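The values are calculated or read from the model by the stated rules, or taken from the named source; none is laboratory data. Computed from a prediction, not measured in an experiment: that's the story for all the values here. Cβ sites come from the backbone with ideal geometry, for glycine too, and all protein chains shown count toward neighbours. Keep in mind that these areas ignore ligands, DNA and RNA; they rest on the heavy atoms of the full protein, side chains included. Shrake-Rupley method; radii C 1.70, N 1.55, O 1.52, S 1.80 Å.
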Amino acid sequence: MKLSLSTGSLYFYPLRAIFRIAKETGFAGVELVATPEAFLRGGSYVRRLSKEYGLSVFSVHPPLLYSRWCDVGKLVPRLVNLARESGCSLVVLHLPKKAKDLSQGEGRRYVEAVKANHQRQG
């Protein structure tokens, strides 16, 4: 069994500090929560931290409050790109709170974004 530390649990620390803490406490890797720092520094920075600390990036998770500040149609491709750049093959997605029906509105935009990015993967 491998244990993964969610970077969201320590979001108030810089990513470098979170990777150090994960390494020192014996985690095998991290779940990278997409914070402003992660988007700003990019996946290549996360990949360097992963190699430096010998930790895997097991998954990329949306920002904890993404539905309030980012359109789902734009967020999904950003998460996929961040995961790809980080060397991670798993993106965690949650339905937006506003998605009451998958056939219309925010729910439909969510389904379209997921399908479009799935098709991009080949």
Practice task
Run the quick spin-label model on Phe12 and Ser44: label points 7 Å from Cα toward the beta carbon, then report their separation in nm to one decimal.
Solution key: 3.3
Practice task
Report the charge-dipole magnitude of the chain in Debye, nearest 20, computed about the Cα centre from +1 at each Lys and Arg Cβ and -1 at each Asp and Glu Cβ.
Solution key: 140
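Between beta-carbons, use under 12 Å as the cut-off and find the net charge around Leu90, counting Lys and Arg +1, Asp and Glu -1. Before the final figure, lay out each step's value.
Values: positive: Arg84; negative: Glu31.
Net local charge, Leu90 excluded: 0.
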Problem - Rounded FRET efficiency, nearest 0.05, which uses the C-beta distance separating Glu112 from Glu85 and R0 of 25 Å - result: 0.60
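At 1.4 Å probe size, with the rest of the protein present, what percent of the exposed accessible area of the chain is carbon and sulfur atoms? Present the calculation step by step, with values, prior to reporting the outcome.
Values: 4010 of 7290 Å².
Here it works out to 55 percent.
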Problem - For the chain, accessible area per residue (1.4 Å probe, heavy atoms of protein chains only), Å² - result: 60
Handout entry: segment 77-100-segment 2-18 distance, computed between alpha-carbon centres (Å)
Key = 17
